[in-house]
Amino acid sequence: MEVLLNHPCAVVLVCALLFRVAHRLLQNLPVPKVVRGEEFRAWKWKNLSVSLVHSLLTGAWALSCVLIYPETVHNLHSYFVPVSYLLVCVSTGYFVQDAGDIILTGHARGSWEFLVHHTLVIWCFGYALFTKLYVSGVVVALFVEVNSVTLHLRLMLKLAEQMSSPAFQVNKMLNLFTYVFFRLSAQGYLTWYIVYNYSWLDHASFFLAAMVLMNGMILIYFYRLLRADFCPRPKRTGTQNGTHKPAPMTQKFLTD
């Protein structure tokens with residue numbers, strides 16, 4: 001615990017390195033043929049594989065922290081235990097690794113929304129690690145990773161062109177449920193907590209502004225999800241100058 005509290009930066013960097021090692025190891029797993037045939041699909045598959053590992057690990061970890069230490073959900077400001085502090089270190093390390101992967105592989109322009117999200121997350125998580133405040137708030141925020149499991153699976157099934165498969169249809173319903181129950185509900189509770197305790201919370205205005213921005217992004221993604229999976233628009237068959245020009249793959253995944 002002393003090492004964690006006194007050297008959070010070093011612990012985060014070690015965690016980022018471990019996720020990078022996981023990235024390399026996951027490349028040995030079988031990949032659908034359609035994914036291997038395109039550079040962006042291949043990179044996105046590898047990126048999502050690591051994200052899925054992070055979501056499975058931290059989503060279950062966050063839920064366990066709340067179940068074992070109920071005070072976590074009641075005192076988001078100053079309460080934490082060593083296992084929850086370590087969780088924040090691990091998750092911050094993942095976001096550092098993922099941001100670096102997006103930038104260093106040349107996908108920053110097409111994935112700018114994810115970089116904005118990661119920047120906000122790293123800033124807020126880093127504040128919790130260095131000040132020892134809002135650690136429990138981060139744990140509750142990581143409830144969203146339960147939804148991220150189904151969200152990543154959805155994108156991987158799309159990459160493999162399995163949108164009509166039973167697995168995609170089942171995951172579609174699970175994704176909707178977890179989005180509402182774990183992502184929207186967690187964000188709503190965090191926002192309510194900050195507003196209700198605004199008068200005495202440290203740097204409440206900053207965190208409220210960050211939550212409003214994150215809430216806006218999450219609601220936009222929720223609209224896109226509903227539109228893509230439950231209210232799909234008919235595919236346009238029109239042409240321009242006699243040819244059909246499909247949207248770039250990066251743009252397609254950001255909008256769908």
Discussion item. Condition first: closer than 25 Å to T178 by Cβ, open to solvent by 30 Å² or more (accessible area, probe 1.4 Å) and polar (S, T, N, Q). Now tell me which residues in the stretch 106-150 satisfy that.
Written reply: T119
Item to complete: Answer yes or no: is there a residue in the stretch 238-249 that is open to solvent by less than 30 Å² (accessible area, probe 1.4 Å) and either at pLDDT 95 or above or closer than 21 Å to L115 by Cβ (or both).
Response: no
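Take V73 and tell me if it is buried (at least 18 other Cβ atoms within 10 Å of the Cβ) and at negative phi.
Working: buried (at least 18 other Cβ atoms within 10 Å of the Cβ): yes; at negative phi: yes.
Taking the combined requirement at face value, the residue satisfies it.
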Discussion item. If F80 meets every condition in (1) open to solvent by 40 Å² or more (accessible area, probe 1.4 Å); (2) in a helix (DSSP H, G or I); (3) within 26 Å of Y196 (Cα to Cα) apart from one, which number is that one?
Written reply: (2)
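Looking at the stretch 6-33, which of its residues are in contact with a Lys or Arg (Cβ under 7 Å, 6 or more places away or on another chain) and in a helix (DSSP H, G or I)?
Residues satisfying the conditions are H23, L26.
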Item to complete: Might you let me know whether the stretch 111-130 holds any residue that is farther than 22 Å from V50 by Cβ and not small (G, A, S)?
Response: yes
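Condition check ((1) part of a loop (DSSP other than H, G, I, E, B); (2) farther than 14 Å from E145 by Cβ; (3) of a type outside the set (D, E, K, R)) across all residues:
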position: A62; (1), (2), (3): no, no, yes
position: C65; (1), (2), (3): no, no, yes
position: T72; (1), (2), (3): no, yes, yes
position: L86; (1), (2), (3): no, yes, yes
position: L133; (1), (2), (3): yes, yes, yes
Practice prompt. Collect the residues in the stretch 37-57 that are closer than 21 Å to G110 by Cα and open to solvent by 50 Å² or more (accessible area, probe 1.4 Å), keeping them in residue-number order.
Written response: G37, E38, E39, K46
Worksheet item: When you go through V34, V21 one by one, which is the residue that is touching a residue at least 60 places away in the same chain (Cβ under 8 Å), over 26 Å from S136 (Cβ atoms) and open to solvent by 40 Å² or more (accessible area, probe 1.4 Å)?
Response: V34
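To keep it simple, each residue is scored yes or no on (1) in a loop (DSSP other than H, G, I, E, B); (2) farther than 20 Å from Y79 by Cα; (3) open to solvent by 30 Å² or more (accessible area, probe 1.4 Å).
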residue: F177; (1), (2), (3): no, yes, yes
residue: F181; (1), (2), (3): no, yes, yes
residue: L184; (1), (2), (3): no, yes, yes
residue: W192; (1), (2), (3): no, no, yes
residue: Y198; (1), (2), (3): yes, no, yes
residue: D202; (1), (2), (3): yes, no, yes
residue: S205; (1), (2), (3): no, yes, yes
residue: L208; (1), (2), (3): no, no, yes
residue: L213; (1), (2), (3): no, yes, yes
Item to complete: Can you give me the number of residues within the stretch 135-157 that are more than 25 Å from V34 (Cβ to Cβ) and in a helix (DSSP H, G or I)?
Response: 11
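The values are calculated or read from the model by the stated rules, or taken from the named source; none is laboratory data. Given the structure is predicted, the values throughout are model-derived calculations rather than measurements. Neighbour counts are summed over all protein chains in view; Cβ atoms, including those assigned to glycine, are modelled from backbone coordinates with ideal geometry. Just so you know, the surface numbers come from the protein's heavy atoms only, side chains and all, with ligands and any DNA or RNA stripped out. Shrake-Rupley method; radii C 1.70, N 1.55, O 1.52, S 1.80 Å.
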